[in-house]
1. Give the calculated FRET efficiency between A:Asp55 and B:Ser24 to the nearest 0.05, with a Förster radius of 56 Å applied to their Cβ-Cβ distance.
2. Return the average number of partner chain Cβ atoms within 10 angstrom of each residue Cβ along peptide B:128-138.
3. From the square roots a ≥ b ≥ c of the eigenvalues of the alpha-carbon gyration tensor of the range B:64-174, which class results: rounded (a/c under 1.5), prolate (a/b over b/c), or oblate?
4. Calculate how many DSSP beta bridges within the protein assembly as shown are antiparallel, expressed in % of all such bridges and rounded to the nearest 5.
5. Relative to the other copies, what are the label-point distances for B:His25, with labels 7 Å from Cα along the C-beta vector, expressed in nm at one decimal and sorted shortest first?
6. Rank B:Glu156, B:Glu127, B:Glu77 by mean-square fluctuation in a GNM of chain B with C-alpha springs under 10 angstrom and give only the top-ranked residue.
7. By DSSP, what percent of the beta bridges with both residues in chain B are antiparallel, rounded to the nearest 5?
8. Per residue of B:56-67, what is the mean number of Cβ atoms on other protein chains within 10 angstrom of that residue's Cβ?
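Nothing in this text is a laboratory measurement; each read-out follows from the coordinates by a stated rule. No experiment lies behind these values; they were computed from the predicted model shown. Cβ placement follows ideal geometry from the backbone for every residue including glycine, while neighbour counts extend to all protein chains displayed.
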Number of protein chains: 2
Amino acid sequence: MTFSGPFSTRRNSSSITDGSMPLSHEDFMNRAIELARKSMLAGHGGPFGAVIVRDCEIIGEGSNHVVLHNDPTAHGEIMAIRDACANIGNFSLNDATIYTTGQPCPMCLGAIHWARLSRIYYGFRIEDAAAIGFDDTAIFAQFSLPPSERLIPSTELCRDATLQLAGEYASMPQRVRY
Amino acid sequence: MTFSGPFSTRRNSSSITDGSMPLSHEDFMNRAIELARKSMLAGHGGPFGAVIVRDCEIIGEGSNHVVLHNDPTAHGEIMAIRDACANIGNFSLNDATIYTTGQPCPMCLGAIHWARLSRIYYGFRIEDAAAIGFDDTAIFAQFSLPPSERLIPSTELCRDATLQLAGEYASMPQRVRY
């Protein structure tokens, strides 16, 4: 199987969708695994890759680049979402599916919601990620605590000035909803 | 007060820290508010700005660019984390504090954990964000549900092949922990 296709000219994207045959869920996950392995072996980050699919076509791809980019937000899912949105020129990925080698961490699950993705297929579980040294489980546990009991202290500040700002936004008729 | 300083040559950064006087928490939040307002009025995104401070110095700044960049992950906190990490050349922001105009959404709270930030100061609350049209509250609610009950369906796929990948990563002695 070749992983180049009609979308190989897209920025950062290649595709296994050449139209010759319908692709399966496993084909898309295998592409995510391939991206993850390539990135991992190059030392760019952990074993995390993702592809985003709409209408049986890959519209975005990504892999973990935390180490290469010195960017703690450069998880595979975030990279794939940014790639897909850049490719289609829209901040919404509704009706699209993400295939990711690892169950999304809280940051990526949040990003998946903001991107309006419709479905998730994942490979290993967050507890499997914990077993190879990643904190997903501990971070998820923080979310179920009241803010006052979380590990990172969080303090309200300048409520009046920031509410004023929020009010100014709400009164902008031309604002774009996202 | 001027908002240019010795770090104004940094990529995307300016600073209110010119060494002439100690700055207060409110000074840093006011800088976040200024960034948010500028971005909001330009139509780049919502009323969200953030600065990251270590040793009384601003090391990163960001504001919401979801609309301008067509990037649903371009929240103020994410932009500030990426800017700070690029400026210091490290994926860890331990001992640093984030000041953000709005209480972090789940995506940004996850990113704050991965970035190892030590403290959060926030302006308006997630329920205030909900009142001006943002989904933070609804997304937080999803996190407290078991995966099978969440709005976005999530399905395990290719467990064996992805566990093989995770095992390969764990056996790489030269991997960088993050």
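1. 0.60
2. Taking the mean over all residues of the peptide, I get 3.
3. Since a/c reaches 1.5 but b/c is at least a/b, the shape of the range B:64-174 is classed as oblate.
4. Percent antiparallel among DSSP bridges in the protein assembly as shown is about 55.
5. So the distances to the same position in the other copies read 4.8 nm.
6. B:Glu156
7. Roughly 65 percent of the beta bridges in chain B run antiparallel, per DSSP.
8. Neighbouring Cβ atoms belonging to other protein chains average 1 per residue here.
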